[in-house]
1. For each of B:ILE258, B:ILE132, count neighbouring Cβ atoms within 10 Å of the residue's Cβ, then give the residues from fewest to most.
2. With every atom except the alpha carbons ignored, what do you get for Rg and Dmax of chain B, in angstroms?
3. Going by how many other beta carbons lie within 10 Å of each one, how would you line up B:MET161, B:MET108, B:MET244, B:MET376, fewest first?
4. Which of the peptides A:20-27, A:157-164 is most tightly packed, and how do the rest follow, going by the mean number of other Cβ atoms within 10 Å of each residue?
5. Tell me which aspartates and glutamates have Cα within less than 14 Å of B:LYS211's Cα, excluding those fewer than 8 residues away on the same chain?
6. My understanding is that a pair violates if its Cα-Cα distance is over 25 Å; which of B:LYS95/B:LYS251; B:LYS104/B:LYS308; B:LYS215/B:LYS251 do that in this structure?
7. Rounded to the nearest 10 degrees, what's the angle between the helix B:264-288 long axis and the longest principal axis of chain B, both from Cα atoms, 0 to 90?
8. List the GluC sites (Glu not before Pro) within the stretch B:31-87 that DSSP assigns to loop and that have no more than 15 neighbouring Cβ atoms inside 10 Å.
Amino acid sequence: MPLQPAITDLEQLKSHPAIAKLLAWNPAAVEEARFDRDEISIYISRDFIRQACVLLRDNPECPFNFLADVTCVDWLPQEPRFEVVYHLLSISKKERVRLKVRLDGRSPAVDSVTSIWPAANYFEREVYDLFGVRFTGHPYLRRLLMPEDWEGYPLRKDYPVEGYR
Amino acid sequence: MAHLTSIPTLEPVEDRTMILNMGPQHPSTHGVLRLILEIDGETVVRMMPDIGYLHTGIEKTCEAKFYQQVVPLTDRIDYLCPLTNNLCYCLAVEKLLGLEIPPKAQWMRVLLNELTRINSHLVWLGTHALDIGAMSVFLYCFREREDILRLFEMVSGQRMMTSYFRIGGLALEPPIGFFERVRHFANRFPSKVDEYENLLTGNPIWTMRTKGVAKITAEDALALGASGPTLRGSGVDFDLRRDMPYSSYEKFKFKVPISTDGDVFARYMCRVQELRESIAMVQQALDGMPEGPIKADAPKVVLPDREKMKTQMEALIYHFKIITEGFAVPAGEVYQAVESPRGEMGYYVVSDGTAKPYRVHMRAACLANLQTLPTMCEGRLIADVVAAIGSIDIVLGEIDR
């Protein structure tokens, strides 16, 4: 299966259930969408991520009732620097969708989705631990893998592979 | 979800309760899991898992390696199913590259993955039974596990950290006599599963320790991100091998065992039936194994045969280039999920167009499954905590990465 060029035109992607639902609700929430290698990514505006997640979870046609993963990518030196990535799965429709939120590098913060999917608890703590992205509204935002008194965020690109020493 | 808002502290919260520290060095926590339990007599009021004791920073290490050099790192994540990790990573990079994998390599991957599943479930069954007090099952399980490890050694030269899959196919042609040995094992194995079941399924002590213990509803399991047998034990019929097939799983016939009780016994039954389904799939893979090459036709990505390197200039150049400067992967991102013995294992690989991955993230099935543990255990006895930990089949290497 040779690679097809990515589709980034929102008009062509309207038929996807997640995008259709989000556009019908609030076109301003969807910044960009991308269909590449059979996977759909939707860039959501930072302020709307919580509501967008509620909407997608409760969508009767295609309920994304399973949060598979939350992670982050550091695009240093670009601004906005961080991309928080949510992978949602609809168990009944066997569909996946990837939501992304762009965050600036100075004080990255985004609303927590823990109240929507309790599964996000550890995932968001891990992102906070390794990237320093704050999740507002998280019930227990503390380091998960690194020691409590660790300095710095190891998965950031400006953190050396060997660590500071 | 009371445990989400509770803060772990070693000070007791009420007069009646006390804090009990369990782990990280505790034989029944299957590694270095630490649990902070607030107990009222023998009853667990609150539970807080504390993890990170095995954190090695594999995700960061991956960013400093060439794509092909990441494969041996993936073995070390979930050390009970190294080949499933290999497969998941290779599938993700192959998707990024747009590579077509020849059928024989795909079927070999299925064959070895199902053997890995059996291997992992045997360790789970043995240690789980050992935790609850059935010593002999452990010895029986490790007897068969030894056979599987010998098969892995035969095909890859390694018993545990196999690294047998490569981006674009397999490392080596399976050796002469390999399939006969697998068939010999596959013919014998179903009677061994009967043996385990004879020891446990009808055993009154086993059923008393597992039935109705550590229950979780389907809604809670889904909300907490549980997958694999932990989810299917609560009655959610979802298996990635059947529902979102990869690596020719769609060509295999198998049932997905589910159970609706949501207790330790339900998860036990799911896994034991999976042992039978997996060995049936191994048989199918042996019967239908296609002929042909084991590597994709992509000289810039797949290392050439040794023989060609000695005779053809071009093959030697490709080999030199792949080893010294890797191969560039077109920019993009991929999330590839496979059904590991523990649930949904996912690799999220981001490429920026260079020869090293920009970001590799592993979605650990165990990390999400661990979140169900407080819901299962709060309000129950301490002895049930041990049964509950065993029933979610925890591997700390995967949780901490």
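1. Ordered from fewest to most neighbouring Cβ atoms within 10 Å, B:ILE258, B:ILE132 come out as B:ILE258, B:ILE132.
2. When restricted to the Cα atoms of chain B, Rg and Dmax are 22.1, 80 Å.
3. Ranked by crowding around the Cβ, least crowded first: B:MET161, B:MET244, B:MET108, B:MET376.
4. A:20-27, A:157-164
5. Once the sequence-local aspartates and glutamates are set aside, what remains near B:LYS211 is B:ASP261, B:ASP263, B:ASP384.
6. Distance filter (> 25 Å) returns B:LYS215/B:LYS251.
7. Between helix and principal axis, roughly 20 degrees.
8. Those that pass, being in a loop and sparsely packed, are B:GLU42.
None of the figures in this text is laboratory data; all of them are computed from the coordinates on show. What you are looking at is a predicted structure, and each value in this text was computed from that prediction instead of being measured. All Cβ positions, glycine included, derive from the backbone under ideal geometry; neighbour counts span all protein chains shown.
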